[in-house]
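Structure first, then comments.
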Amino acid sequence: MERRLSAIFAADVVGYSRLMKADGIGTLERQKACRAKLIKPRISV
């Protein structure tokens with residue numbers, strides 16, 4: 001059996017509940033875009 005190291009990343013979004021209530025779809029799209037731009041490039045697979 002091969003073992004691999006894993007990490008869990010958690011982030012707190014200020015005002016997330018308010019943002020989701022006002023525009024759930026738009027909030028998720030902006031969150032995914034930020035993750036793709038800021039976090040994903042720094043993660044090695």
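The values are calculated or read from the model by the stated rules, or taken from the named source; none is laboratory data. Quick caveat, the model's predicted, so the values are computed rather than measured. Please note: Cβ atoms are built from the backbone with ideal geometry, for glycine as well, and neighbour counts cover all protein chains shown.
Among the numbered conditions (1) loosely packed, with under 10 Cβ neighbours inside 10 Å; (2) in contact with a helix residue (DSSP H, G or I) (Cβ under 6 Å, 6 or more places away or on another chain), the only one that Leu19 does not meet is (1). For beta carbons closer than 9 Å, sequence separation of 6+ or different chains, a first residue in the stretch 5-19 that is closer than 16 Å to Ile39 by Cα and a second that is outside any loop (DSSP other than H, G, I, E, B), the qualifying pairs are Phe9/Ile39; Ala11/Arg35; Ala11/Ile39; Val13/Leu19; Val13/Thr27; Val13/Gln31.
Scanning the stretch 1-13 for residues that are within 21 Å of Arg42 (Cβ to Cβ) and either surrounded by 10 or more Cβ atoms within 10 Å (Cβ to Cβ) or not charged (D, E, K, R) (or both) yields Leu5, Ser6, Ala7, Ile8, Phe9, Ala10, Ala11, Val13. Look at the stretch 28-45: where a residue is without any contact (Cβ under 8 Å) to a residue 24 or more places away in the chain and a partner is surrounded by 10 or more Cβ atoms within 10 Å (Cβ to Cβ), sitting 6+ places away or on another chain with Cβ atoms under 7 Å, you get Gln31/Val13.
Condition check ((1) of a type outside the set (A, V, I, L, M); (2) at pLDDT 90 or above; (3) not in a loop (DSSP other than H, G, I, E, B)) across all residues:
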position: Ser6; (1), (2), (3): yes, no, no
position: Phe9; (1), (2), (3): yes, no, no
position: Val14; (1), (2), (3): no, yes, no
position: Thr27; (1), (2), (3): yes, yes, yes
position: Lys32; (1), (2), (3): yes, yes, yes
position: Arg35; (1), (2), (3): yes, yes, yes
position: Ser44; (1), (2), (3): yes, no, no
